[in-house]
Amino acid sequence: MNNKTTAGKYLLSFVAVLLSLTGIAADGEYSVARIPQALLKNANVVRRLETEEFILKNPGEATYKHKIVLTIMNAAGDGYAGLVHYYNKFVEIKSIEGYLYDANGKELKKLKSKDIQDRSGLDDNNLIDDTRYKEHNFYYKVYPYTVEYEVELKYTGTMFYPDWYPQPYQLQSVQESRFVLTCPENYEFRYKAYQYDGQPAVAPGKGTKSYTWEIKNLPAFSREVYAPGNRRLRPLVLFGPTEFEMQNYKGNMRNWEDLGKFIYALRQGRDELPDDVKKTVHQLTDNLTDPAARVKVLYEFLQQNSRYISIQLGIGGWQPFDAKFVAAKKYGDCKALSNYMLALLKEAGIPGLYTVISAGEGREDIFTDFPSSQFNHAIVCVPLAKDTLWLECTDQFKSCGYMGGFTGNRHALVVDENGGKLVRTPLYSMSENRQVRNIKATLDEAGDLLLKANTLYTGMQQDDLHYLLTRLSKDKLKEHLTEELNFATYNINSFDYKEEKARLPHLQETLDVSVRGYASITGKRLFIVPNIMSKAGSRLDKDTARKYPIELRYAYVDIDTVTIELPAGFTPESVPAENKISSIFGQYTCSVKVEGNKMMYYRKLEHAGGLFGASAYEELAKFYEAIYKADRARVVLTRTEAPPAKGF
């Protein structure tokens with residue numbers, strides 16, 4: 001036997017094993033190679049690992065530990081690579097750690113304390129805010145790369161528990177996510193799972209109990225058009241306390257009634273007005289017999305003598321400043337202004353209810369089956385003998401009693417001495433959300449159009465325009481109009497707006513516009529679309545694999561009546577037939593006729609709102625496609641007389 005040959009073979013084998021082990025060692029824990037292929041598909045970000053641990057020590061104190069590891073696959077994922085954490089009187093940041101890794105999982109950089117930015121929570125609307133933010137970003141641009149952050153927080157108030165929401169964003173996959181809640185063994189916390197069928201693993205400890213939720217290997221998903229919010233679609237577990245404490249205030253959140261009692265207690269003794277304001281209240285209301293009229297005059301007094309500025313200081317995030325503060329300073333946040341409005345009403349002998357709500361345009365409703373602090377805004381509810389008035393106290397321009405898209409059609413918690421009760425704010429119907437337009441136009445032989453349009457907007461159809469009118473200068477408003485009008489070449493000769501404040505507000509728009517080349521001319525033929533200003537812009541891709549329901553924000557009706565004076569010497573060659581389209585999503589009709597030198601066009605769209613099953617998507621796509629085509633149907637006119645000779 002050749003010993004040299006045998007020794008050489010052993011040496012080669014050892015080297016091969018060493019190289020193999022070296023390769024494994026180089027392939028770090030967060031190497032991209034360790035991501036399952038299914039999680040890479042359509043993913044801008046892969047959430048490699050997220051662990052959250054909420055440790056309740058007693059009803060007034062808790063610790064929260066959060067570790068997250070994100071692999072950023074491309075530039076579209078950069079916006080998720082940074083760290084932002086708030087802190088205030090109730091939340092203390094105990095520690096922050098961070099690391100940056102390359103595609104192989106090799107550590108490139110470790111976060112240093114001096115690299116963490118600390119900024120105030122103050123902005124243009126926040127006059128006083130004790131919230132601050134710790135922020136950091138590695139700003140790395142070699143893809144893919146991985147960031148890891150670990151944060152520990154101390155809570156000295158337990159009104160708010162974190163929720164477990166492992167996949168909050170589209171185009172992000174989840175490799176592993178875990179949430180652990182630990183509390184004293186005799187404490188009863190609450191939780192409710194949505195879109196998640198698993199049960200928590202329960203483990204006893206020394207005087208404690210722990211519950212663990214876990215999920216793995218969720219592929220990336222894409223938002224579908226008109227789908228409900230992600231929290232209604234993706235796995236979510238909400239957590240909440242029973243007994244809790246906030247800055248020496250004790251409460252219980254076992255049900256909505258108990259939460260209302262806590263909120264009511266925060267307002268006690270804060271509705272006393274100064275004598276001069278009391279006098280004004282009586283001067284304004286004593287001669288009015290109609291309660292609704294008295295509410296209106298006091299609401300307008302509030303609007304004229306106060307403005308909204310956010311004040312988030314300690315428990316002031318939930319407790320209103322007293323009425324005398326607002327009367328003296330003439331400003332307040334939503335809580336303070338609502339409390340002040342209630343004090344005005346009380347002085348006039350009109351009972352009102354402090355109300356909390358989840359506000360925002362397009363914001364999803366709260367989870368009504370899980371009592372918890374899901375609210376971000378305060379308003380006032382005024383029950384009258386035959387009706388109920390709702391008052392948005394932070395808007396100096398809103399009509400008395402009108403909620404609109406900011407707080408309308410959602411659940412709110414009204415509060416009195418007996419506690420809280422969930423009610424629903426007004427839903428504005430199709431007939432209340434109107435756009436009624438009348439156009440009179442003149443077309444010349446060159447195809448140029450001069451139009452005068454008068455449009456009435458009501459209800460939620462006037463919300464956006466009302467907002468612009470009350471906040472933009474006339475020049476800026478014209479710029480907005482110029483962007484909105486859908487003509488190739490045109491000039492706005494004049495425009496005007498008139499508002500009528502009412503429980504259902506109305507807004508009247510008057511436009512005078514010149515449009516060059518609106519009609520096209522080919523030889524003896526003139527082609528014109530009689531629908532001048534209301535062409536539908538929505539066309540949907542066919543989606544046979546639709547997963548999620550369809551949510552249409554609100555119902556509305558659009559009506560257009562158009563009269564166009566035509567140039568002399570033309571007769572109709574082709575006029576579209578009357579078109580009627582019917583669907584579960586609404587009704588559409590349009591018709592056009594030519595009589596002499598006048599063309600008359602009529603269009604009406606009744607569009608439904610609400611929630612529809614995923615299987616109805618194909619019908620919605622067909623409905624929109626049919627309207628899109630009908631709105632662009634052309635009338636063809638033929639010249640029968642030679643145009644008059646032009647002078648030199």
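The values are calculated or read from the model by the stated rules, or taken from the named source; none is laboratory data. What you see is a predicted model; the values in this text were computed from it and never measured. Here the Cβ is made from the backbone with ideal geometry for all residues, glycine too, and neighbour counts use every protein chain on show.
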*Just for the range 349-394: of the residues that are modelled with pLDDT under 95 and charged (D, E, K, R), which one is surrounded by the most Cβ atoms within 10 Å (Cβ to Cβ)?*
363
*Any residue in the range 511-530 that is surrounded by 15 or more Cβ atoms within 10 Å (Cβ to Cβ) and either in contact with a helix residue (DSSP H, G or I) (Cβ under 7 Å, 6 or more places away or on another chain) or within 30 Å of residue 222 (Cα to Cα) (or both)?*
no
_Can you go through 364, 347 and tell me which one is touching a residue at least 40 places away in the same chain (Cβ under 8 Å), of a type in the set (Asp, Glu), within 19 Å of residue 391 (Cα to Cα) and touching a helix residue (DSSP H, G or I) at 6+ places or on another chain (Cβ under 9 Å)?_
347
_Filtered residue count, the range 196-226, keeping only those that are more than 30 Å from residue 539 (Cα to Cα) and part of a loop (DSSP other than H, G, I, E, B)_ = 8
_Of the criteria (1) modelled with pLDDT of 95 or more; (2) touching a Ser or Thr at 6+ places or on another chain (Cβ under 8 Å), which one residue 168 fails_ = (2)
*If you take just the strands (runs of 3 or more DSSP E) that sit entirely in the range 557-648, which of them hold at least 1 residues that are among the small types (Gly, Ala, Ser), on the phi < 0 side of the Ramachandran plot and not assigned by TED's automatic domain parsing to the domain that holds residue 223?*
570-574, 579-583, 586-595
_Yes/no for residue 417 being among the acidic types (Asp, Glu) and surrounded by 14 or more Cβ atoms within 10 Å (Cβ to Cβ)_ = no
_From the list 160, 189, 221, exactly one residue is at pLDDT 95 or above and farther than 21 Å from residue 43 by Cβ. Which is it?_
189
_Residue tally, condition under 20 Å from residue 436 (Cα atoms), part of a loop (DSSP other than H, G, I, E, B) and more than 25 Å from the chain's Cα centre (by Cα), over the range 488-505_ = 2
*Name the residues in the range 170-189 that are outside any strand (DSSP E or B) and either in contact with a helix residue (DSSP H, G or I) (Cβ under 7 Å, 6 or more places away or on another chain) or of a type in the set (A, V, I, L, M) (or both), would you?*
171
*In the range 442-453, which residues are small (Gly, Ala, Ser) and buried (at least 17 other Cβ atoms within 10 Å of the Cβ)?*
447, 453
_Residues that are touching a Pro at 6+ places or on another chain (Cβ under 9 Å), touching a residue at least 24 places away in the same chain (Cβ under 8 Å) and not polar (S, T, N, Q), drawn from the range 201-223_ = 209, 211, 213, 214, 215, 218
_For residue 571, only one of the following conditions fails: (1) of a type in the set (Ser, Thr, Tyr); (2) in contact with a Leu (Cβ under 7 Å, 6 or more places away or on another chain); (3) modelled with pLDDT of 95 or more. What is its number?_
(3)
*Residues in the range 91-119 that are surrounded by 13 or more Cβ atoms within 10 Å (Cβ to Cβ) and under 27 Å from the mean Cα position of the chain (by Cα): how many?*
1
*Considering (1) of a type outside the set (Lys, Arg); (2) under 38 Å from the mean Cα position of the chain (by Cα); (3) loosely packed, with under 15 Cβ neighbours inside 10 Å, say which one residue 571 fails and leave the rest.*
(2)
_For residue 328: the one exception among (1) of a type in the set (Gly, Ala, Ser); (2) assigned to a loop (DSSP other than H, G, I, E, B); (3) in contact (Cβ under 8 Å) with a residue 24 or more places away in the chain_ = (2)
*If you scan the range 454-476, which residues turn out to be surrounded by 16 or more Cβ atoms within 10 Å (Cβ to Cβ), touching a residue at least 12 places away in the same chain (Cβ under 8 Å) and in a helix (DSSP H, G or I)?*
459, 460, 461, 462, 463, 465, 466, 469
